[in-house]
Amino acid sequence: MPIKWILQWRPNAGTTLSTQILSEVSQCIETINGVKEGRWKNTVSFYRPILKDQAKAVEFPKDFMGISLQEQPDMYYMIIRQQRLIMEAESSMKDIMEKLQSYKTRIAISFEGFQYRLGDFRLRVGKVSPVNSENLRGIMMEMEYLPISSWETSPQIMNEFFDILKETLGGRSLPGHFVHVEPNFSEYGLSDQYTSQHTAVQYASFMAQMISTGQSSRSARN
């Protein structure tokens, strides 16, 4: 499976997110001959246990999330970040959890936007917002290199292309920049060969970074 980086938009201090930034990023990709291929959407759901005895709440993980990826519509990825656990199951697992009344969705976040092809690279630019809401929580980009599936052999080509993207976006004087925070896949027992589980771990890390950055911004304002 092709290697993939998930990039997070980091606004400059004192600036806010807007869909205009999303439009500018898409236009930049088109100026370097990116060909639009259509729309895409992934979803991250945060779960909380359904408890009859609240005293047992400490026994259940607080950071349990489920991830649906468009690239694997028949699969569902469940992650507990604190314990570095990931499990791949059939997509019917979501319905099973609801019928068992073991866990309830606390909030679901959608990642959606347009997909572009640039030679051997595929880019997905998207907004991050609660499902069924237009409240913009973040901006992200998937950067995929189709010829390589080994994580260890990919850094040079990925960094070189990321530098090209940053240089192109820098010409627009946008109020922020994309950052790549690389998770430690070995902590989850994942190997060098890239899989959809690696993608799910990156989405979980993205959410943790976004929440952490948002909390830091609020603390600074206060």
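Quick note: the coordinates plus some simple rules give every number you see, no bench work behind them. Remember, predicted model here, so these are calculated numbers, not experimental data. Here the Cβ positions follow ideal geometry from the backbone for every residue, glycine too, while neighbour counts run over all protein chains shown.
Values computed for the structure shown
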| item | result |
| --- | --- |
| For region 95-204, alpha-carbon Rg over 2.2 N^0.38 Å | 1.28 |
| Peptides ranked, highest mean first, by Cβ atoms within 10 Å: ranges 196-203, 29-36 | 196-203, 29-36 |
| Most mobile listed residue (Ser149, Ser186, Ser205) in the chain, GNM with C-alpha springs under 10 Å | Ser186 |
| Mean projected area (nm²) of the alpha-carbon convex hull when region 1-94 is viewed from all directions | 10.2 |
| Taking the chain and dividing mean pair separation by its residue count, relative contact order in percent (alpha carbons under 8 Å, at least six apart) | 30 |
| Dipole magnitude of the chain, debye to nearest 20 (Cβ charges: Lys/Arg +1, Asp/Glu -1, about Cα centre) | 980 |
| Mean projected area (nm²) of the alpha-carbon convex hull when region 135-186 is viewed from all directions | 5.2 |
| Count of lysine pairs in the chain with Cα separation under 20 Å (8 or more residues apart, or interchain) | 16 |
| Whole-number percent relative contact order across region 73-191, with pairs defined as alpha carbons under 8 Å at least 6 apart | 15 |
| Of Glu144, Glu152, Glu112, the one that fluctuates the most in a GNM where the chain has Cα springs shorter than 10 Å | Glu152 |
| Region 115-152 residues near the modelled Ile107 label - backbone nitrogen below 13 Å, point 7 Å along Cα→Cβ | 128-138 |
| Pairwise label distance in nanometres, Gln83 with Thr15, each label 7 Å out on the Cα-Cβ vector | 4.1 |
| Ratio Rg/Rh [Cα only; Rh per Kirkwood] for the chain | 0.97 |
| Mean separation of Cα contacts under 8 Å, 6 or more apart, over the residue count of region 69-138: relative contact order % | 18 |
